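Below: one structure, written as structure tokens.
Coordinate-derived values only; no laboratory data. Keep in mind the model is a prediction, meaning the values are calculated, not measured. With ideal geometry, Cβ positions are generated from the backbone for all residues, glycine too; neighbour counts draw on all protein chains shown.
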Amino acid sequence: MTDLTLYLGNRTYSSWSMRAWLVLEASGLSFGEEMIRLREPGFEEALAKASPGRTVPALHDGDLMLSETLAIAEYVAEAAPDAGLWPADRRERALARMMATRMAVGFGPLRAECPMNLSNRFDAGPPSEAVQRDIADLEALWRPQLAKPRAGGPFLFGRFGIVDAFFAPIAMRAYTHRLPVAEDAAAYLSALIEAPPVRRWIEDATQEPPRDPTVVGIFASALYDPGDFPVLRDPSLTIRA
Ligand SMILES: N[C@@H](CCC(=O)N[C@@H](CS)C(=O)NCC(=O)O)C(=O)O
């Protein structure tokens, strides 16, 4: 038995919250949600109470409190063994775990320079060399999987799993920041944008109040400006020539 509550940041901006929510959604387990709006008054106190790492997402199961999305994902995968959240094959599972871990610890320039903002789209010109290197590294990580026949869906190991939840915010960033991506990567990222749980997350994001404009903090850059969620109307990506 589980009594799961996920503590989330704003859907529009919190890429780690999105990952954990997608994993829970794909698990089929029922769970409650508590929103801790980033940087708004009471944010730090709420985080200190809800999250051992003072970050969102945090998952509570009764008196168990977890932060760190990878640990949350592993806990959910064990609670829902039939959901196929990791590939069934041991070698594929190891590859999927390696990929999710690389997402958890890497790709700093892409994350810092291209923050997630589901509500808008930007035209900042070509990405920096560091971001281009991150994109090339991601493509190289995905490519062997994307070249294989996969059963059960268009995702890295076929059906949607934890590894795909971890890369879903990359699809959002590729769209929002018009990042040029190779054709095989674009097909995968488009499948992520169209995945039903991802669409549900974006649609739910349109229902949340826009961020408080008087609270700046991490929101100091125009890259966090609210918009009208163009990804829901035209999700086309920029293919690299
Ligand atoms: N390593 C953490 C990263 C979580 C994280 O950085 N979350 C952001 C929101 S997406 C956060 O809580 N930031 C706290 C802050 O802005 O003070 C995880 O995997 O869950």
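Place a +1 charge on the Cβ of each Lys and Arg in the chain and a -1 charge on the Cβ of each Asp and Glu, then give the dipole magnitude about the Cα centre in debye, rounded to the nearest 20.
In debye, rounded to 20, the chain gives about 680.
Can you sort Ile218, Ile202 from fewest to most other Cβ atoms within 10 Å of each residue's own Cβ?
Ile218, Ile202
Counting DSSP beta bridges with both partners in the chain, what percentage is antiparallel, nearest 5?
That works out to approximately 55 percent antiparallel.
Points 7 angstrom from Cα along the Cβ direction at Ser30 and Arg240: gap in nanometres?
The modelled label-to-label distance comes out at 4.6 nm.
For Thr238, Thr5, Thr176, what ranking results if the residue with the fewest other Cβ atoms within 10 Å of its Cβ goes first?
Thr238, Thr5, Thr176
Compare the Cα positions of Gly125, Ala205, Pro235 along the charge dipole of the chain (+1 at Cβ of Lys, Arg; -1 at Cβ of Asp, Glu; about the Cα centre) and return the one farthest towards the positive end.
Selected residue: Gly125.
Please compute one quarter of the surface area of the Cα convex hull for the chain and express it in square nanometres.
12.7 nm²
Restricting to DSSP H runs of at least four residues, report the calculated mean residue ellipticity at 222 nm for the chain, -39500 (n - 2.57) per run over all residues, nearest 500 deg cm²/dmol.
Rounded to the nearest 500, it is -14000 deg cm²/dmol.
I need Asp82, Asp225 ordered by Cβ neighbour count within 10 Å, fewest first.
Ranking Asp82, Asp225 by Cβ neighbours within 10 Å, fewest first, gives Asp82, Asp225.
Under a point-charge model restricted to the Cβ atoms of Lys and Arg (+1) and Asp and Glu (-1), what is the dipole moment magnitude of segment 172-241 relative to its Cα centre, in debye to the nearest 20?
Using only the charged Cβ atoms, the result is roughly 160 debye.
Report the full-extension gain for the segment Ala88 to Arg54: residue separation times 0.36 nm, less the Cα-Cα distance, to one decimal in nm.
Result for the pair: 8.9 nm of gain on full extension.
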